[in-house]
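Reading through the structure tokens given below for one structure.
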Amino acid sequence: MTPSTLHPPRSRRLLKLTLGTVAAGLFALFQPAYLIAGAQGSVQAQTARTTFTVKDVRPEAYSWYWDNLDKGLFTGANAGNRSIQWVEAPATPQHLGYSAGARYQSVEIFGGSTHAVEVTYLDPQSVRDRVASDNFLGAKPYSFVAQRVSIDGRAPFTLLIQYLPTGKGYGDTAFSIEATQAADAALAQAYVEQAAKTLRGLGPTLTTALNDRYFNAVLKKRGSYAIGPVDKNLNVTLTIVQEIKGITPQMLSWWWDHIGNTERYRLWQPIDHVSFEWTVPPFEPDMHYDVGAKQRVKEYVGKSAYWLDITGADPNAKPYPPVPLKDADYFYARTDLTILAGVLPSNSLVHQWRANAAGDGVVLTSTFVNTSLARILDSSFFENLGSHALREFQMLPYFLPRLYRREQLGE
């Protein structure tokens, strides 16, 4: 898939099918800037542009990078990047997306000379007519960063960097970079190529930085888990409690029937999640997971990858849920290793959630009951499963609000 092959969705019904359909509409942004702007009635003077793909790096890594770049990442990605310092630090780092008003200064070698560069992150609204509209349905833009760039004290130009997942398994990132209204077109083109070189050069290190500095250092600390003893049936109960700010109970209720496919599944956790398919799709996707609906997923728990079958279960029929369903909103399923489905007894999984006290998120309690034999495959299986649940559910505020508002509410 290349940017030039993507076209806007034609109806809300199509938007609701898959994130791939949504992405197709969003990647209309990869058409030439004057075509998009012309359709909006506000032609932009395109000065320089380039498109390229970075292999084996998901877009979420770049969404984290904008507000968390430092000297190590910046100079390590490109030998022409000599130094960098924040003049106005991002207001909300350790999130995905950028903070308007943040500003840094750098010294960079490009176009055969050494240059002093100042970059200011622009208000997302300043490029609203040039980017996908659902960027404005969440807390921060997810598919672009807009910057004002001044080189050697010259009059600034606008740099718009747009990106979305592509490639097999949606593990790569496709970029479009455009500089507009620059007084020196040649200098602007040299800087565009310099920026592209930096983004490509981040490939070997950025995912590791995202994993260590965001998923492990930040998200895993937003909740806790407790591992019970081995019971008489040789099962172990794992309980995870976490507060997830930025989503509503309704959004989480809607999500289960609308995960849809691998594209969406990787949005949920771009490192741990590998693939998703419905083997028995929901009868009628709605606000509650269908009993009997079955998803087959491949995901990492710790360093081990597992194929799992997850089947919606009836809480009023045997085997009953392993814990009382205290909250009105819940997800109850039976889980099996795909290769052992029907051979060993199924494990059980319950998620329950309610609005938090502040009204700006949910409190989620997850209960897993798995055979203790899992420790034969991985001695730290239950610790890794607890971490996995924190890493994935704390990602929901990044993408779920915009999907729910666009597809369910029609905004």
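The values are calculated or read from the model by the stated rules, or taken from the named source; none is laboratory data. Note that the coordinates shown come from a computational prediction; the quantities given were computed from them, not determined experimentally. Using ideal geometry, Cβ is built from the backbone for each residue, glycine included, and neighbour counts are taken over all protein chains shown.
Residue check: Leu344 meets all listed conditions (1) surrounded by fewer than 21 Cβ atoms within 10 Å (Cβ to Cβ); (2) touching a residue at least 40 places away in the same chain (Cβ under 8 Å); (3) farther than 19 Å from Val241 by Cα but one, namely (2).
Within segment 334-359, which residues are under 17 Å from Lys294 (Cα atoms), part of a strand (DSSP E or B) and in contact with a Lys or Arg (Cβ under 9 Å, 6 or more places away or on another chain)?
Restricting attention to segment 334-359, the residues satisfying the condition of being under 17 Å from Lys294 (Cα atoms) are 334-342, 345-351.
From what is left, the residues that are part of a strand (DSSP E or B) are 334-337, 341, 347-351.
Asn347, Ser348, Leu349, listed by residue number.
On the given criteria, is Ser379 hydroxyl-bearing (Ser, Thr, Tyr), within 23 Å of Gly228 (Cβ to Cβ), more than 23 Å from the chain's Cα centre (by Cα) and surrounded by 20 or more Cβ atoms within 10 Å (Cβ to Cβ)? Answer is no for this residue. Within the set Ala209, Ala188, Ala195, Ala183, the sole residue that is of a type in the set (A, V, I, L, M), in a helix (DSSP H, G or I) and without any contact (Cβ under 8 Å) to a residue 60 or more places away in the chain turns out to be Ala195.
Between Asn384, Asn356, the distinction of being under 20 Å from His273 (Cβ atoms), in contact (Cβ under 8 Å) with a residue 12 or more places away in the chain and either surrounded by fewer than 20 Cβ atoms within 10 Å (Cβ to Cβ) or small (Gly, Ala, Ser) (or both) belongs to Asn384 only. Criterion applied to Pro315, Pro397, Pro321 was being surrounded by 19 or more Cβ atoms within 10 Å (Cβ to Cβ) and in contact with a strand residue (DSSP E or B) (Cβ under 6 Å, 6 or more places away or on another chain), and the one residue passing it is Pro321.
Among the residues of segment 216-258, how many are part of a loop (DSSP other than H, G, I, E, B) and farther than 30 Å from Pro281 by Cβ? Working first, answer last.
Step one: list which residues in segment 216-258 are part of a loop (DSSP other than H, G, I, E, B), which gives 217-218, 222, 231-234, 246-248.
Still in the list and also farther than 30 Å from Pro281 by Cβ: 217-218, 222, 231-234.
Result for segment 216-258: 7.
Here Ala333 clears all of (1) among the small types (Gly, Ala, Ser); (2) within 26 Å of the chain's Cα centre (by Cα); (3) over 29 Å from Arg58 (Cβ atoms) except the condition numbered (3).
Pro90 satisfies every condition listed in (1) free of Cβ contacts under 8 Å to residues at least 40 places away in the same chain; (2) farther than 28 Å from Tyr398 by Cβ; (3) surrounded by 19 or more Cβ atoms within 10 Å (Cβ to Cβ) except (2).
Leu206 falls short on exactly one of the conditions (1) out of contact with any helix residue (DSSP H, G or I) (no Cβ under 6 Å at 6 or more places or on another chain); (2) on the phi < 0 side of the Ramachandran plot, and that condition is (1). Based on what the data block shows, is Asp134 outside the structural domain of Phe399 (by TED's automatic domain parsing) and surrounded by fewer than 21 Cβ atoms within 10 Å (Cβ to Cβ)? In short, no.
May I ask you to verify whether Pro315 is in contact with a helix residue (DSSP H, G or I) (Cβ under 7 Å, 6 or more places away or on another chain) and either under 24 Å from Val230 (Cβ atoms) or not basic (Lys, Arg) (or both)? Before the answer, list the steps.
Working: in contact with a helix residue (DSSP H, G or I) (Cβ under 7 Å, 6 or more places away or on another chain): no; either under 24 Å from Val230 (Cβ atoms) or not basic (Lys, Arg) (or both): yes.
For Pro315, the condition - in contact with a helix residue (DSSP H, G or I) (Cβ under 7 Å, 6 or more places away or on another chain) and either under 24 Å from Val230 (Cβ atoms) or not basic (Lys, Arg) (or both) - is not met.
The condition of being in the same structural domain as Thr75 (by TED's automatic domain parsing), surrounded by 20 or more Cβ atoms within 10 Å (Cβ to Cβ) and either farther than 30 Å from Met287 by Cβ or among the acidic types (Asp, Glu) (or both) holds for only one of Ala195, Ala186, that being Ala195. Selection over segment 324-333 of residues that are surrounded by 13 or more Cβ atoms within 10 Å (Cβ to Cβ) and part of a loop (DSSP other than H, G, I, E, B) gives a count of 2. Scanning segment 236-253 for residues that are more than 16 Å from Gln352 (Cα to Cα), surrounded by fewer than 20 Cβ atoms within 10 Å (Cβ to Cβ) and touching a Ser or Thr at 6+ places or on another chain (Cβ under 8 Å) yields nothing.
Being modelled with pLDDT of 95 or more, among the basic types (Lys, Arg) and farther than 25 Å from Thr166 by Cα: is that true of Lys245 here?
Working: modelled with pLDDT of 95 or more: yes; among the basic types (Lys, Arg): yes; farther than 25 Å from Thr166 by Cα: yes.
So Lys245 passes the test.
Applying the criterion of being closer than 23 Å to Pro249 by Cα and either aromatic (Phe, Trp, Tyr) or touching a Leu at 6+ places or on another chain (Cβ under 6 Å) (or both) to the residues of segment 281-300, the residue that is surrounded by the most Cβ atoms within 10 Å (Cβ to Cβ) is Tyr289. Taking every residue in segment 137-151 that is surrounded by fewer than 22 Cβ atoms within 10 Å (Cβ to Cβ) and pairing it with any residue that is of a type in the set (D, E, K, R) and assigned to a loop (DSSP other than H, G, I, E, B), at least 6 positions away or on another chain, the pairs with Cβ-Cβ distances below 7 Å are Leu137/Glu411. Asp290 meets the stated requirement of being among the acidic types (Asp, Glu) and closer than 18 Å to Tyr332 by Cβ.
The residue of segment 259-293 that is nearest to Gly171 (Cα to Cα), among those that are in a loop (DSSP other than H, G, I, E, B) and of a type in the set (Asp, Glu), is Asp272.
Annotation note: of Trp256, Trp278, Trp307, the sole residue that is crowded, with 20+ Cβ neighbours inside 10 Å and outside the structural domain of Tyr163 (by TED's automatic domain parsing) is Trp256.
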